[in-house]
Amino acid sequence: MPLPALLPLPLLLAAAPAAPVPAAPTLVIERTLLKAAPGKREALARFIVANWFAMDRIAVSQRLFTGYRLYENAAGADAAWDLAVEVGYPNPAGYDDSAVQARFAAIRAAHRTVPIDGQVLADLGRIIGSERLRPREGS
């Protein structure tokens, strides 16, 4: 009977499950609203996932963020906004925390923009606003 193949150490370590890290509570949510260019809603959503969420994943792993999520406006194309991105923060200042800004700036500097169908954010839509939300106690 042949012996099972051994995995190289980097692959073995990558395949090993990481020890669970207790999640920090979300103290603030920053919601960003976006309006897609005509006919570009799906491409804008793909851009957010390929670019913003690639950076947000790193920020979560560094515990700068507690999570992130993309929402689509169910009201249709005539709505004031098309997509909403929510990012949770474990601190009450959210992105206004200077340490968060500095560390996320490093993440952003290392990121290379992934165009969608040859287009970037300015081609696909625009940010139309943002707001800060706090979870209510007991909800």
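The values are calculated or read from the model by the stated rules, or taken from the named source; none is laboratory data. If you're wondering where the values come from, they're calculated on a predicted model, not measured in any experiment. Glycine also receives a Cβ, built like all others from the backbone with ideal geometry; neighbour counts cover every protein chain displayed. Surface areas here come from the heavy atoms of the whole protein model, side chains and all, with no ligands, DNA or RNA. Shrake-Rupley method; radii C 1.70, N 1.55, O 1.52, S 1.80 Å.
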| Derived scalar couplings ³J(HN,Hα) [region 55-71; Karplus, 6.51 cos²θ - 1.76 cosθ + 1.60; whole Hz; x for Gly, Pro] | 6, 5, 4, 5, 4, 5, 5, 8, 6, 7, 10, 9, x, 7, 7, 10, 10
| query | Using unit Cβ charges (K, R positive; D, E negative) and no other charged atoms, how large, in debye to the nearest 20, is the dipole of region 23-139 about its Cα centre? | reply | 260 debye
| field | Portion, in percent, of the accessible area of region 65-139 that falls on carbon or sulfur, probe 1.4 Å | value | 49 percent
| request: Specify whether the C-alpha gyration tensor of region 37-139 places it in the rounded, prolate or oblate class, a ≥ b ≥ c being the square roots of the eigenvalues: rounded for a/c under 1.5, otherwise prolate if a/b is larger than b/c and oblate if not. | output: oblate
